[in-house]
Amino acid sequence: MRRRIGWLALALVFLVGGFSWAAGRGEEREELFRRIELLAEAMTVIRSDYVEPVGPKELVYGALKGMIGALDRHSQFLDPEAFREMQVETRGEFGGLGMEITLSDEEVLTIVSPMEGTPSAQANLKPGDRIVKIDGNSTRGIALHEAVKQLRGKPGSTVVLTILRESEKQVFDVQLKRSVIRIPSIKAVQMLPGKIGYARIVEFQDNTPRDLLKALKQLRKESPEGWILDLRNNPGGLLDVAVEVAQAFLPEGKLIVYTKGRVPDQNMEFSSRARDPILGEPIVVLVNGGSASASEIVAGALRDHGRAVLLGEKTFGKGSVQTVIPLSDGSAVRLTTSLYYTPSGQSIHGQGLEPDLEIHPEPPPEGGRESAFNSEEEAPVASDPMVIRAIRVLKEGLPKQDAEKAAG
């Protein structure tokens, strides 16, 4: 038995050899070797004594999932199938429910943001709702990629979610019908009463800067006196896209966001380089608990440089950078490598951004929809209470106590 353990330990050392020799010296390296031998010992016991045969792939994949998942709620091991599922997301169309999900600090499956016009938004699911069961099966201990797999399915099929809404102290079931999810980048760009330009960004995708700049160029011909940038329920997206959007409203050379990690290569700064930014008119950025990641980068940068005030609710607080590193067998590691910071040095992660003017939307009628934008015919942008308040702020300024808070 001891010899078998020794050979397995030696094999594991070779598997991680490049890492082990670079990652530690002296006592640290010896400690790593001892722990690898412990892992080999456990794997050998499982293979010899577990009630059913377990193959090497299952053992190694299980160890990787546990090891990486224990780091934080955003890091994970992706087997080849899960890696392919993740790549499907980046193509912008898939069959599912239309929601961004994460694992909370308590490892509870949580909705970050329902995507507008999708089954999740139509069912009035909200940011912060906890998904405690999927089709009657508990989500306790579920991996994020496994949850995504269960939520997706053939368009037209149904799934029952058991939702815990802590803000209202209620648990309820909701049945949703899956549909093909096409994620638009920009929902609406228009001129509002009072010559206020309005742009709503649903998610930060590759084409977002191009589409936004084209739309803003048209609106600028009408000489707007202020701007509303609506980032409510925007779960984020690509970092470089967030930088391009922010720089459309900032002078050249202004810091937009910086990242800090353990490795020097992960410490980066991103500054504005726009040729013809919008600089003269005031801006209100609308945010809520579903505004996350790239949305928070844009909102934080514009506020830190005095270009915008934030109106709405505290943002989600997703400020970590994940790097996806493909592995040799088609699997991958999704690893948190750094954290975002706003230009003033504020960490977004786990904290979110407090609005300068806090406004909570009124709850929808029973069976109604939370968002004013699920149907433009039902709820035009100009009739949205938060948009109306934003227009008033642009015309009259913040109330005195809120203006003092924003300045101090």
Farthest positive-ward along the chain dipole, Cα basis, beta-carbon charges - from Gly96, Asn233, Val159: Gly96
Among Ile325, Ile111, Ile297: highest mean-square fluctuation, GNM of the chain, C-alpha pairs under 10 Å: Ile325
Distant-in-sequence amide H partners of Asn288 (H built 1.01 Å from N, under 5 Å): Asn233, Glu313
Computed log₁₀ I(q)/I(0) - Debye formula, equal Cα scatterers, no solvent, the chain, q 0.07, 0.08, 0.15 Å⁻¹: -0.39, -0.50, -1.41
More than 17 angstrom apart: percent of Cα pairs within the range 93-132: 26
Full-stretch length increase - Ser328, Phe172 - with 0.36 nm per residue and alpha-carbon distance subtracted: 51.8 nm
Relative exposure of Ser344, Ser328, Ser320, judged by other C-beta atoms within 10 Å (fewest first): Ser328, Ser344, Ser320
Largest-first principal axis extents of the Cα set of the range 90-182 (Å): 32, 24, 22
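Can you pull a Stokes-Einstein diffusion coefficient for the range 186-407 at 20 °C (1.002 mPa s), Rh from Kirkwood over Cα pairs, as a whole number of µm²/s?
119
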The range 186-407, relative contact order [Cα under 8 Å, separation at least 6], %: 17
Val263-Arg389 pseudo-label distance in nm [points 7 Å out on the Cα-to-Cβ vector]: 4.4
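Within 10 Å of each residue's Cβ, count the other Cβ atoms and sort Arg303, Arg140, Arg29 from fewest upward.
The fewest-first ordering by Cβ neighbours comes to Arg140, Arg29, Arg303.
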Inverse of mean 1/r across different Cα pairs in the range 227-316, Kirkwood, Å: 13.2
Potential lengthening between Glu107 and Ile359 on full extension [0.36 nm per residue; Cα-Cα distance subtracted]: 87.8 nm
Nearest 10 degrees, 0 to 90: helix 27-49 Cα axis against the chain principal axis: 70
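Which value at 222 nm does the chain reach when only helices count, each DSSP H run of 4 or more adding -39,500 (n - 2.57), with the total divided by all residues and rounded to the nearest 500 deg cm²/dmol?
Details: 12 runs with 133 residues, N = 408.
Calculated at 222 nm, the ellipticity per residue is -10000 deg cm²/dmol.
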Placed amide H near Gly319: partners under 5 Å, 5+ positions off or other chain: His349, Gly350
Sequence-separation-based contact order of the range 90-182, relative, with Cα cut under 8 Å and 6+ spacing, percent: 33
In range of the label at Leu71: residues from the range 325-347 whose backbone nitrogen is under 14 Å from the point 7 Å along Cα→Cβ: 325-327, 332-339
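Suppose every K and R has +1 on its Cβ and every D and E has -1 on its Cβ; what is the size of the dipole of the chain about the Cα centre, in Debye to the nearest 20?
Computed about the Cα centre, the dipole is about 600 debye.
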Choice from Arg152, Arg262, Arg392 showing the highest fluctuation, given a GNM over the chain with Cα pairs closer than 10 Å: Arg262
Label-reachable residues, the range 144-160, where backbone N falls under 15 Å from a point 7 Å from Glu81's Cα toward its Cβ: 144-154
Gain in span if fully extended, Ser138 to Ser48, counting 0.36 nm per residue against the direct Cα distance: 29.3 nm
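Readers should treat all values here as calculations from the given coordinates under stated rules, not as data from a laboratory. Please read all numbers here as calculations on a predicted model, not as lab measurements. Positions of Cβ are backbone-derived with ideal geometry, glycine not excepted, and every protein chain shown enters the neighbour counts.
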